[in-house]
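Here the structure is laid out as structure tokens; the discussion comes afterwards.
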């Protein structure tokens with residue numbers, strides 16, 4: 001169980017540093033790295049593109065995606081804008097944003113979730129889209145199933161915290 005009051009205090013005390021780390025992290029966002037497998041890419045287009053579109057429209061930031069392992073360098077030009085988006089978040093939302101980002105490896109999903117665009121369930125499924133697809137084909141390994149299940153519980157707990 002997450003101690004949100006303590007987390008809020010620590011994040012408030014280190015707000016600038018936390019935001020800088022999250023900005024850096026945002027350029028390695030899961031939703032920016034697309035598969036070169038056509039079946040998975042089609043699912044990503046269906047599921048991820050709406051989140052990217054929402055983000056681009058709401059914040060006027062159009063991050064580049066890739067099907068390579070290299071981080072798209074062009075995204076660095078949005079450093080100040082990303083920082084401003086995060087800096088505008090009140091401490092409660094920033095705390096939730098931090099925990100969601102780390103667990104889902106996605107600041108974009110975290111932002112969509114704290115802004116009420118998607119639910120914890122949707123954020124979880126979008127974050128693990130490729131893994132869930134592969135599990136449908138090959139089956140689920142129990143260790144990864146339990147790890148994913150814990151992340152899902154954490155995200156649901158964070159969603160409840162946001163509602164309070």
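Summary of values
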| item | result |
| --- | --- |
| Positions within the stretch 90-122 being farther than 16 Å from residue 32 by Cβ and under 10 Å from the mean Cα position of the chain (by Cα), in sequence order | 97, 98, 99, 100, 102, 103, 113 |
| Of residues in the stretch 12-48 being more than 30 Å from residue 130 (Cβ to Cβ) and touching a residue at least 40 places away in the same chain (Cβ under 8 Å), the one nearest to the chain's Cα centre (by Cα) | 15 |
| Odd one out for residue 160, checked against (1) in a helix (DSSP H, G or I); (2) farther than 15 Å from residue 26 by Cβ; (3) touching a helix residue (DSSP H, G or I) at 6+ places or on another chain (Cβ under 6 Å) | (3) |
| Flag if residue 11 is surrounded by fewer than 18 Cβ atoms within 10 Å (Cβ to Cβ) and either at pLDDT 95 or above or over 17 Å from residue 75 (Cα atoms) (or both) | no |
| Residues of the stretch 111-130 satisfying the condition of being within 22 Å of residue 40 (Cβ to Cβ) and either exposed (fewer than 12 other Cβ atoms within 10 Å of the Cβ) or modelled with pLDDT of 95 or more (or both) | 112, 118, 121, 122, 123, 124, 125, 126, 127 |
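The values are calculated or read from the model by the stated rules, or taken from the named source; none is laboratory data. Keep in mind that what you see is a predicted model, and the values were worked out from it rather than measured. When we count neighbours, we look across all protein chains shown, and the Cβ atoms used for this are built from the backbone with ideal geometry, even at glycine.
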